[in-house]
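Structure first, then comments.
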């Protein structure tokens, strides 16, 4: 559960999209940085490594030393540097131009084999060997949030958005009942395409089967004020994993209440559903996004272990104030 990882701070900005239809936002205002991760998967059929890259979002929870949190599944099949056996990960699109490079001194996360059987474990904590200057902001974690509206941010990608160097964010209302499938896929769509609706329902219930308690998750949908699916509604997508879900405080600050975990998309398109654009890929059509909270015993243990080994993390329980 504890591993040493090296990250190189990339000072050149790369092209990036973000939360679909969200508002471009300064990364420092929402404590966000983007991760570029190199992976490899062994192909038995040809006896060689299949290498690929992915993008995830993350959130700064401490600056002395730099401590960030991202989704644990982002570390699946990480490619190791053959010289030092350290994962190949870079941070991009930051304002940390005071630093030439930065190394992780510790990483705390559960193996993907455990995460895929318990979604509550989908949290990774990365601790660096340097502190950041005072102008870089961090956010405290609310371990027992009373959820309502949240500001969801990330560096994901969508096919029809302008290229940006900053994350996009949007205020979203969290679902009150994670058992209600019709809160994400209304009955009207079941009538027009029963098979596609069944597939989406199976995917919905599968996520419920791989969580030790629904109390450890929150979620948002892509329904508009008329309870209809809308491609115009902002929503996390590919690359937003690990991005922050922020709740506003009474003094207009923020607390971190969750991070983007998994996003569910349609299996295929239906010509009768007018919101589908023929030229847009299915990655542009998520209908529910899950945020993993920090209130499970396993994640609390992960945080305490990280803090005991130098992580800069502040925990707040707003229910006992």
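The values are calculated or read from the model by the stated rules, or taken from the named source; none is laboratory data. Keep in mind it's a predicted model, so treat the numbers as computed, not measured. Every residue, glycine among them, receives a Cβ derived from its backbone with ideal geometry; neighbour counts consider all protein chains shown.
Going by the structure shown, is residue 158 touching a residue at least 60 places away in the same chain (Cβ under 8 Å), in contact with a helix residue (DSSP H, G or I) (Cβ under 9 Å, 6 or more places away or on another chain), over 22 Å from residue 20 (Cβ atoms) and surrounded by 19 or more Cβ atoms within 10 Å (Cβ to Cβ)? The answer is no for residue 158.
Looking across the range 132-167, the residues that are outside any loop (DSSP other than H, G, I, E, B) and within 30 Å of residue 205 (Cβ to Cβ) come down to 141, 142, 149, 150, 151, 152, 153, 154. All conditions in (1) closer than 24 Å to residue 116 by Cα; (2) surrounded by 14 or more Cβ atoms within 10 Å (Cβ to Cβ); (3) free of Cβ contacts under 8 Å to residues at least 60 places away in the same chain hold for residue 223, with the sole exception of (1). Set side by side, the residues 29, 81, 50 differ, and just one is closer than 22 Å to residue 111 by Cβ, modelled with pLDDT of 90 or more and either surrounded by fewer than 17 Cβ atoms within 10 Å (Cβ to Cβ) or out of contact with any helix residue (DSSP H, G or I) (no Cβ under 8 Å at 6 or more places or on another chain) (or both), which is 50. For the range 19-49, name all the residues that are part of a strand (DSSP E or B), under 15 Å from the mean Cα position of the chain (by Cα) and in contact (Cβ under 8 Å) with a residue 60 or more places away in the chain. Residues satisfying the conditions are 20, 32, 33, 34, 35.
How many residues are in contact with a helix residue (DSSP H, G or I) (Cβ under 9 Å, 6 or more places away or on another chain) and in contact (Cβ under 8 Å) with a residue 40 or more places away in the chain when one looks only at the range 170-184? Explain how you work it out, then say what you get.
The initial filter retains those residues of the range 170-184 that are in contact with a helix residue (DSSP H, G or I) (Cβ under 9 Å, 6 or more places away or on another chain), namely 175-179, 181-182, 184.
Checking the rest, the ones that are also in contact (Cβ under 8 Å) with a residue 40 or more places away in the chain come to 175, 178, 184.
Final tally of qualifying residues: 3.
Applying the criterion of being surrounded by 20 or more Cβ atoms within 10 Å (Cβ to Cβ) and in a loop (DSSP other than H, G, I, E, B) to the residues of the range 103-124, the residue that is farthest from the chain's Cα centre (by Cα) is 110. If you filter the range 1-26 down to residues that are crowded, with 20+ Cβ neighbours inside 10 Å and farther than 26 Å from residue 103 by Cβ, you find that the one that is modelled with the highest pLDDT is 22. Is it the case that the range 214-224 has a residue that's under 20 Å from the mean Cα position of the chain (by Cα), in the same structural domain as residue 259 (by TED's automatic domain parsing), farther than 23 Å from residue 156 by Cβ and modelled with pLDDT of 90 or more? So far as the range 214-224 goes, yes, one or more of its residues are under 20 Å from the mean Cα position of the chain (by Cα), in the same structural domain as residue 259 (by TED's automatic domain parsing), farther than 23 Å from residue 156 by Cβ and modelled with pLDDT of 90 or more.
Just one of 310, 291, 242 is crowded, with 23+ Cβ neighbours inside 10 Å and on the phi > 0 side of the Ramachandran plot; which is it? Lay out the reasoning, then the answer.
Details: 310 fails: crowded, with 23+ Cβ neighbours inside 10 Å; 291 fails: on the phi > 0 side of the Ramachandran plot.
Answer to the check: 242.
Conditions tested, residue by residue: (1) free of Cβ contacts under 8 Å to residues at least 60 places away in the same chain; (2) over 20 Å from the mean Cα position of the chain (by Cα); (3) in a loop (DSSP other than H, G, I, E, B).
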position	(1), (2), (3)
204	no, no, no
207	no, no, no
227	yes, yes, yes
233	no, no, yes
240	no, no, yes
255	no, no, no
260	no, no, no
273	no, yes, yes
276	yes, yes, yes
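Within the range 279-298, the set of residues being more than 17 Å from residue 139 (Cα to Cα) and touching a helix residue (DSSP H, G or I) at 6+ places or on another chain (Cβ under 8 Å) comprises 287, 288, 290, 296, 298.
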